[in-house]
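Everything below concerns the one structure shown next.
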Amino acid sequence: MNTHNVKKRLSTLLTLGVGILLMLIHPAMAADEQRADVKTIHVNDYDMSYVERGSGAPLVLVHGSLSDYRTWLPLLDDLSENNRTIAVSLRHYYPEQWDGKGSDLSLQQHADDMAAFIQALNIGPVYLLGHSRGAAVALLTASNHPELVHRLILADPSPLSSMLPDQPDIQADEKDRRAKIHDIMKYYQQGDTEGGLRVFVNYVAGPTAWDNTPESIRNVLRSNSWTLTSMPRDIETPFSCSNAANISAPVLLITGDRSARRYGSMHAALKPCLKQVSNTTIGDAGHMMFQSNPTEFAFAVQYFISPE
């Protein structure tokens, strides 16, 4: 799909008031059936699904909450022009139909899986790009295995509590986030995943977002519903400035000009800890910046990973 047409359609969809609805731009993202081109590889006793396109230096894409490899499908053409671009689905995300049972859903487990994935494909060091929760996964991967990452791109990484400074405004945001997570988890504890999804979607995308979401897109979110139960553990994942300093690769921090303040707080906490860091802001975009302004996002990524 031409990126100009993508941007035009996205502008129309933004009037719905929910970034998650932008998955409508690619029919496969709302389809129940698994794509024929999905591959799997066995890592850490788990069959990890992924799709890939293009050739050249490997660029690995890591999705955020309630997402999976389908999140990146609209950008694959652009991001694979000069690279072998690989979009993964993390453990327990679609196409697995996970029921929430088990204790192996965590940022650290997913970081371990990502390292094993890169090693199993024998493609390291890679360009590693993560969004939101996926950016936190990418951050841990690069810290634990700096030899596997050539360049690291973090798009609004989920804030980790241990990294955030003790400032009144930041701690107020944290208190609000913890309260919302507590509310969401109460629904899941009662087996009401639909209620939990509603609260989460309305929290990140606006008070009427769930009501405005077409059923086909709700089904996409439902396919990853139980993965939200990792949130209480995720925010408590230990990570410090010294962990960030382990990263030897150049790092690009990406945000949207309308992204929530909590993401800026995480960026600010990371910057002084990283050896080589730059940042860019995607215009006319919020947290889902790669969907609301795909042209600018793809350009920023391609420029950062272009051969020196």
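The values are calculated or read from the model by the stated rules, or taken from the named source; none is laboratory data. What you are looking at is a predicted structure, and each value in this text was computed from that prediction instead of being measured. FYI the Cβ positions are ideal-geometry reconstructions off the backbone, even for glycines, and counts take in every protein chain you see. These accessible areas exclude ligands, DNA and RNA; they are computed on the full protein's heavy atoms, side chains included. Shrake-Rupley method; radii C 1.70, N 1.55, O 1.52, S 1.80 Å.
Considering only the range 259-280, state which residues are outside any helix (DSSP H, G or I), farther than 20 Å from Leu61 by Cβ and under 17 Å from the mean Cα position of the chain (by Cα).
Across the range 259-280, the qualifying residue is only Ala260.
Could you list, in sequence order, all residues of the range 260-273 that are surrounded by 21 or more Cβ atoms within 10 Å (Cβ to Cβ) and of a type outside the set (A, V, I, L, M, F, W, C)?
Residue satisfying the conditions is Tyr263 alone.
Considering the range 47-94 alone, what residues qualify as being part of a loop (DSSP other than H, G, I, E, B), open to solvent by 30 Å² or more (accessible area, probe 1.4 Å) and out of contact with any Lys or Arg (no Cβ under 9 Å at 6 or more places or on another chain)?
Glu81, Asn82
A quick yes/no check of all residues on (1) crowded, with 22+ Cβ neighbours inside 10 Å; (2) in contact (Cβ under 8 Å) with a residue 60 or more places away in the chain:
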position: Met114; (1), (2): yes, no
position: Gln167; (1), (2): no, no
position: Asp183; (1), (2): no, no
position: Lys186; (1), (2): no, no
position: Gly206; (1), (2): no, yes
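Could you say whether any residue in the range 147-155 is more than 16 Å from Gly264 (Cα to Cα), surrounded by 22 or more Cβ atoms within 10 Å (Cβ to Cβ) and either touching a Gly at 6+ places or on another chain (Cβ under 9 Å) or of a type in the set (Gly, Ala, Ser) (or both)?
Within the range 147-155 (the criterion being more than 16 Å from Gly264 (Cα to Cα), surrounded by 22 or more Cβ atoms within 10 Å (Cβ to Cβ) and either touching a Gly at 6+ places or on another chain (Cβ under 9 Å) or of a type in the set (Gly, Ala, Ser) (or both)), the answer is yes, since at least one residue qualifies.
Would you mind telling me which numbered condition in (1) over 16 Å from Glu236 (Cβ atoms); (2) more than 22 Å from the chain's Cα centre (by Cα) Gln171 fails?
(1)
Tell me which helices (runs of 4 or more DSSP H) are completely within the range 111-224 and hold 3 or more residues being of a type in the set (S, T, N, Q), or say none if there are none.
133-144
Just to be sure before I move on: is Asn243 in contact with a strand residue (DSSP E or B) (Cβ under 6 Å, 6 or more places away or on another chain), modelled with pLDDT of 95 or more and open to solvent by 20 Å² or more (accessible area, probe 1.4 Å) in the structure I sent?
For Asn243, the condition - in contact with a strand residue (DSSP E or B) (Cβ under 6 Å, 6 or more places away or on another chain), modelled with pLDDT of 95 or more and open to solvent by 20 Å² or more (accessible area, probe 1.4 Å) - is not met.
Yes/no matrix, rows are residues, columns are (1) hydrophobic (A, V, I, L, M, F, W, C); (2) out of contact with any Asp or Glu (no Cβ under 7 Å at 6 or more places or on another chain); (3) farther than 17 Å from Ala136 by Cα:
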| site | (1), (2), (3) |
| --- | --- |
| Leu253 | yes, yes, no |
| Tyr263 | no, no, no |
| Lys275 | no, yes, yes |
| Thr280 | no, yes, yes |
| Gly283 | no, no, yes |
| Phe299 | yes, yes, yes |
| Gln302 | no, yes, yes |
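Within the range 96-111, which residues are of a type in the set (D, E, K, R) and open to solvent by 70 Å² or more (accessible area, probe 1.4 Å)?
Result: Asp99, Lys101.
Return yes or no: is Ala298 surrounded by 16 or more Cβ atoms within 10 Å (Cβ to Cβ) and of a type outside the set (Asp, Glu)?
yes
Go through the range 248-271 and give me each residue that's within 10 Å of Pro159 (Cα to Cα) and not aliphatic (A, V, I, L, M).
Arg262, Tyr263, Gly264, Ser265, His267
Given the structure, is Ser103 without any contact (Cβ under 8 Å) to a residue 24 or more places away in the chain, of a type in the set (Ser, Thr, Tyr) and assigned to a loop (DSSP other than H, G, I, E, B)?
Taking the combined requirement at face value, the residue satisfies it.
Cβ-Cβ distance below 8 Å, separation of 6 or more or different chains: which pairs start in the range 70-97 with a residue that is without any contact (Cβ under 8 Å) to a residue 60 or more places away in the chain and end on one that is of a type in the set (Ser, Thr, Tyr) and in a helix (DSSP H, G or I)?
Ala87/Tyr69; Ala87/Thr71; Val88/Tyr69; Ser89/Tyr69
Mind listing just one residue for me: the one in the range 122-142 that is polar (S, T, N, Q) and open to solvent by 10 Å² or more (accessible area, probe 1.4 Å) and, of those, nearest to Ser67 (Cα to Cα)?
For the range 122-142, the residue satisfying everything is Ser132.
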